[in-house]
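Enquirer: Got a structure for you, written out below as structure tokens; questions coming shortly.
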Amino acid sequence: MTNAVAFVASAFLLFEWHLLRERSLAYWSAGFAAIVVGCAITPLREAGFFIAGVWLANGMLVLAHVAFLYGTASFLGRRISPAWCLVLPAWALMLAVPEDGARTQILSLVNALLVAVLSLRSAQMLGGLRGRRDPDTTLLAFAFLGHGGFYLLKTLMAFVPGAFIDLSHYTGLMISISLFEGIMMEVALALSIVGALRRRRERSIVRLAEHDPLTGLLNRRGFDARARAVLAQEDGPVALLLLDIDHFKSINDGYGHPEGDRLLVALGVFLNSTLPHRAIWGRLGGDEFAVLLPRTDVFGALTLAKALCQGFARVGGGRGQGGTLSIGCATYAEGAIDLEALSAVADRALYDAKRQGRNRASHREVAGEPLAKSRVASESGSHPVVAAITPPDRVNSPEALSAR
């Protein structure tokens, strides 16, 4: 049974490696293959072939766990010291153990200790008992942790009377338990690896579907999905900023698309380093970006919009008249609102900013209840309240945030 499970796991992981060419799969497949070889030559101990049936067979178990350790490191994208391969020469020294009554206990102790150390190191790399939210590593960590803990127990019981009687004939309490634990470990480890790879692929597919390949930000689909989820839970003030790079078409036409791509990437980096953690932002397409700000009132939204205009004017470094931002800001004070209504108002505010000379932000308040609509109409005629942020290179007065 142990050999059959290990063979199936090795063959499946080898097939997956052939499809995906992921190095961790090759290591893990090799680990299960080593177990298959070890199990295949184990019956030779019954015929009195100590080196092949006992020493080499148990050595293949140590080799398997070296492969598992390197597979874990590769899966996590980490490098591991080649010094870990020194456990194999350490096992080779077991050939020098004299043939006396303690040889079984010594071989069992060293074999169990090496397997325990390798397994616990794999578990430690994956997070061990620390709380993790990553399902890709949690099950693998506990599989290695349980396996390493069992072999650590075997190490402590090496000289307990009756625990190990004769390695040549599978007699002794711990030997019988090890056969059962080996099957359980192989099943748990194989299922954990398959589950981790499946979830990783699913996440990769979702990321490709929801992220812009040029900037790495959310694309329209990803932004809409996350923004709608937040708006469905929010009942307080909320703001939406629509950002547009000024004269972007002229930059592409005059200096080439690489210059336009450079500006898009620069804006993505700038937003990642500037926006607050609670914000949701993405590239909607072309040179249009969006930022949703939960729990943000008019003053907070306009202050951030001003900082974005000022900051990107310094880092954008565009050619000619470009490389600056026009921002349309829409805010809603209270209650539920859908993304379409917020976007429509922000879009009108964006056109206000462009008509007013670009390199600035304009604001419109979203009218909600009939009472709010009447108040807005009485204060500003038939139009929403409009506010614009004047860029710092044009005005340095406190009126930068005043309504125009």
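The values are calculated or read from the model by the stated rules, or taken from the named source; none is laboratory data. All figures in this text were calculated on a predicted structure; none of them were measured in a lab. Heads up, the Cβs are rebuilt from the backbone with ideal geometry, glycines too, and the neighbour counts pull from every protein chain shown.
Enquirer: Within the range 14-27, which residues are at pLDDT below 90 and among the hydrophobic types (A, V, I, L, M, F, W, C)? I'd like the intermediate steps shown before the answer.
Expert: Taking the range 14-27 and keeping what is at pLDDT below 90, we get 14-25.
Selection gives Leu14, Phe15, Trp17, Leu19, Leu20, Leu25.
Enquirer: Now for a different question. Regarding the range 156-168, can at least one residue be identified that is in a helix (DSSP H, G or I) and at pLDDT 60 or above?
Expert: Scanning the range 156-168 turns up at least one residue that is in a helix (DSSP H, G or I) and at pLDDT 60 or above.
Enquirer: Looking at the range 258-291 only, could you name the residues that are small (Gly, Ala, Ser) and touching a residue at least 12 places away in the same chain (Cβ under 8 Å)?
Expert: Gly260, Ala266, Gly268, Ala279, Gly282, Gly285, Gly286, Ala290
Enquirer: I'd like the residue in the range 198-215 that is more than 12 Å from the chain's Cα centre (by Cα) and of a type in the set (Asp, Glu) and, out of all such residues, is nearest to Gly268 (Cα to Cα).
Expert: Here the residue is Asp212.
Enquirer: Among the residues of the range 242-251 satisfying the criterion of being touching a Gly at 6+ places or on another chain (Cβ under 7 Å) and among the hydrophobic types (A, V, I, L, M, F, W, C), which is surrounded by the fewest Cβ atoms within 10 Å (Cβ to Cβ)?
Expert: Phe248
Enquirer: Further, regarding this structure: For the range 351-377, how many residues are assigned to a helix (DSSP H, G or I), surrounded by fewer than 24 Cβ atoms within 10 Å (Cβ to Cβ) and modelled with pLDDT of 90 or more?
Expert: Going through the range 351-377, the residues assigned to a helix (DSSP H, G or I) turn out to be 351-355, 370-377.
After this cut, where a residue has to be surrounded by fewer than 24 Cβ atoms within 10 Å (Cβ to Cβ) as well, the list is 351-352, 354-355, 370-377.
Imposing the further condition that a residue be modelled with pLDDT of 90 or more reduces the set to 351-352, 354-355.
Result for the range 351-377: 4.
Enquirer: Here is a further query. Right, Leu76: under 19 Å from Leu145 (Cα atoms) and at pLDDT below 90 or not?
Expert: Against the criterion (under 19 Å from Leu145 (Cα atoms) and at pLDDT below 90), Leu76 qualifies.
Enquirer: Next question. Looking at the range 312-340, I want the residues that are of a type in the set (S, T, N, Q) and have a partner that is modelled with pLDDT of 85 or more and in a loop (DSSP other than H, G, I, E, B) with Cβ atoms under 6 Å, at least 6 apart or on another chain. Which pairs are those?
Expert: Gln321/His247; Thr324/Asp246; Thr324/Asn359; Ser326/Asp246; Ser326/Arg358
Enquirer: Scan the range 213-224 for residues that are touching a Lys or Arg at 6+ places or on another chain (Cβ under 6 Å) and over 13 Å from Ala290 (Cα atoms) and jot them down.
Expert: Residue satisfying the conditions is Thr215 alone.
Enquirer: Still on this structure: Go through the range 82-91 and count every residue that is exposed (fewer than 12 other Cβ atoms within 10 Å of the Cβ) and of a type in the set (A, V, I, L, M).
Expert: Residues that pass the stated criteria total 2.
Enquirer: Hey, could you check the range 252-276 for residues that are modelled with pLDDT of 90 or more and in a loop (DSSP other than H, G, I, E, B) and say which is surrounded by the most Cβ atoms within 10 Å (Cβ to Cβ)?
Expert: Taking the candidates together, the pick is Leu275.
Enquirer: Taking the conditions exactly as written (touching a His at 6+ places or on another chain (Cβ under 9 Å), crowded, with 20+ Cβ neighbours inside 10 Å and either at pLDDT 90 or above or not assigned by TED's automatic domain parsing to the domain that holds Thr104 (or both)), does Gly71 satisfy them or not?
Expert: No, not satisfied.
Enquirer: State whether the residues of the range 41-61 include one that is among the hydroxyl-bearing types (Ser, Thr, Tyr), modelled with pLDDT under 90 and under 40 Å from the mean Cα position of the chain (by Cα).
Expert: no
Enquirer: Now, a different point. Determine if the range 183-205 includes at least one residue that is among the basic types (Lys, Arg), in a helix (DSSP H, G or I) and not assigned by TED's automatic domain parsing to the domain that holds Ser74.
Expert: Checking the range 183-205: not a single residue is among the basic types (Lys, Arg), in a helix (DSSP H, G or I) and not assigned by TED's automatic domain parsing to the domain that holds Ser74.
Enquirer: Sticking with this structure for a sec: I'd like the residue in the range 139-154 that is in contact with a helix residue (DSSP H, G or I) (Cβ under 7 Å, 6 or more places away or on another chain) and surrounded by fewer than 19 Cβ atoms within 10 Å (Cβ to Cβ) and, out of all such residues, is modelled with the lowest pLDDT.
Expert: Once the filter is applied, the top-ranked residue is Leu139.
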